[in-house]
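What follows is a short report on a single structure.
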Amino acid sequence: MSRVVAFRPKYPAPSNLTDIASRRILITNATHGAGPVVAHAFAAHGCQMVLQSGEPVAVAGLAGEISDEAGDVRVFGCGLADGAGAGRLSRAALSAYGGIDVVVNQLDLGAITLAHAATPEDCEAALLEALEAQTVVAEEAAEGMRQAGRGGLVLHLVIIGDAGKGCPRDALARHAVTALTMDAARTWQEHAIRVNVIVAEQVETDRALEEISGIALMLADDGGRHLSGKVLAVR
């Protein structure tokens, strides 16, 4: 498993996608950051979608935007304040379509989360605490994939923030995200469950959003089945 991969696909690259339409997708924090663009990208291929957001009105609006193209859309207008709420979301998402094939787990770290992290170990501990709910979503979804015996993909989309190039917190965050991703990839690899992460410095440009969407589609497709434990940088 390599640590960082330079990966710049074209979106939507339909000629490279073979079986996206059959995928059942869960997107957390779907109304924030790259969530809406990723949702539109999967919907354009007819996927069944479960969208979560703590903004009920916004996520209902997003579902309305993609409903004509998506195979089906379910909405969960609830936050992920703690592990218990995340567990309820995961179970509801797994039951919506009889399973989940792809989780796009969007995490916005920002500089505040890591303000007191002085070492890579401190950073990893801070991330684990801050991302408890998202970690529960990923683990429960992966366990559902294992029980179904079909494999699947957990794709974390981590927005680092704009602390500045070369910022120590940025480097610590990348180190911790890499370690967490590779550990999870090793844990689930025997069950054909892949774990990857996109690390984005920002998601305000069309180029960044296009790149994130293209990566998500490619990893979810059959052609991405050999990729796990990858940390994919988007700037």
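FYI, it's all coordinate maths here, none of it is from the lab. Bear in mind the structure is a predicted one, so any value in this text is a computation, not a measurement. Here the Cβ is made from the backbone with ideal geometry for all residues, glycine too, and neighbour counts use every protein chain on show.
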Using a Förster distance of 25 Å, how high is the FRET efficiency between D222 and E69, based on the Cβ-Cβ distance and rounded to 0.05? 0.75
Gap in Å between the Cα centre of region 68-101 and the Cα centre of region 201-235? 22
Give me the extension gain from L128 to D19: residue separation times 0.36 nm, minus the current Cα-Cα distance, reported in nm with one decimal. 35.9 nm
If R0 is 30 Å, what FRET efficiency do you get for E55 and A84 from their C-beta distance, rounded to 0.05? 0.90
What do you get when you divide the Cα radius of gyration of region 167-235 by 2.2 N^0.38 Å, with N the number of residues? 1.18
Residue exposure sequence - T135, T187, T181, T119 - by fewest surrounding Cβ within 10 Å: T119, T187, T135, T181
